[in-house]
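The values are calculated or read from the model by the stated rules, or taken from the named source; none is laboratory data. Only a predicted model underlies this, so the values are computations on that prediction, with no experimental measurement involved. As a convention, Cβ positions derive from the backbone with ideal geometry for all residues, glycine included, and neighbour counts pool all protein chains shown.
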């Protein structure tokens, strides 16, 4: 439960955008990984480690593309 509050505190709102969602997700995932290791579920911890790495490593370009400004939109809005 505490990890959820820490993750929720990492999310900040700037205008219409929410910033820090990846940080919050990584905090939650680290807590889940720690719980798996603490309970001695090393196979699940290994699977979690790989899936967390793959998610953050290969979905980062998608996040970057979503935050890039649209030059077509800027051209249409110019007077």
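Take residue 18 and decide whether it is in a helix (DSSP H, G or I), under 19 Å from the mean Cα position of the chain (by Cα) and either modelled with pLDDT of 70 or more or surrounded by 10 or more Cβ atoms within 10 Å (Cβ to Cβ) (or both). Judged against the criteria, residue 18 is not a match. Looking only at the range 34-49, filter to residues that are under 23 Å from residue 62 (Cβ atoms) and in contact with a helix residue (DSSP H, G or I) (Cβ under 8 Å, 6 or more places away or on another chain); which one of those is surrounded by the most Cβ atoms within 10 Å (Cβ to Cβ)? That would be 48.
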